[in-house]
Amino acid sequence: MQTLTLANIYELQGLKEEALDIYKEVLKKDPSNSDAKIAIRRLSGMRKKFLNVNTQMKDFFVKMDTDVEFNEFERWLLKSWN
């Protein structure tokens, strides 16, 4: 069942695309649902804001667990900002 509660749970877990899909389904069933409209605007804006995210480095960051990996990521960040 596609509900705002389920979409909120997905969003809180970081499953933004899944949450966005549910909010859109809720809005199809109830076009006047202001909570769904606000959530769609919020999540759609986040997607546009982070279009150029390096997904490979994002995944590396999420999974890194050693000092060597941390240092590698730190070097990449410093190089990216210069």
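Shape class for the chain, computed from the alpha carbon gyration tensor (a ≥ b ≥ c): prolate, with a/c not under 1.5 and a/b above b/c.
Multiplying the residue separation of K28 and M57 by 0.36 nm and subtracting their alpha-carbon distance yields 6.9 nm.
Between T5 and D65, full extension at 0.36 nm per residue minus the direct alpha carbon distance yields a gain of 18.3 nm.
In terms of distances greater than 18 angstrom between alpha carbons, the cross-link table entries K16/K37; K16/K58; K24/K58 yield K24/K58. Whole-Hz Karplus values for the stretch 36-42 come out as 5, 4, 5, 5, 5, 4, 4 Hz, taken residue by residue from phi with 6.51 cos²θ - 1.76 cosθ + 1.60 and θ = phi - 60°; glycine and proline positions read x. Report note on the peptides 20-27, 64-71, 31-38, 5-12: ranked by the mean count of other C-beta atoms within 10 Å, highest first, their order is 20-27, 5-12, 31-38, 64-71. Applied to the stretch 24-33, the Karplus parametrisation 6.51 cos²θ - 1.76 cosθ + 1.60 on θ = phi - 60° returns per-residue 3J(HN,Hα) values of 5, 5, 4, 5, 4, 6, 9, x, 9, 6 Hz, with x for Gly and Pro.
None of the figures in this text is laboratory data; all of them are computed from the coordinates on show. What you are looking at is a predicted structure, and each value in this text was computed from that prediction instead of being measured. Heads up, the Cβs are rebuilt from the backbone with ideal geometry, glycines too, and the neighbour counts pull from every protein chain shown.
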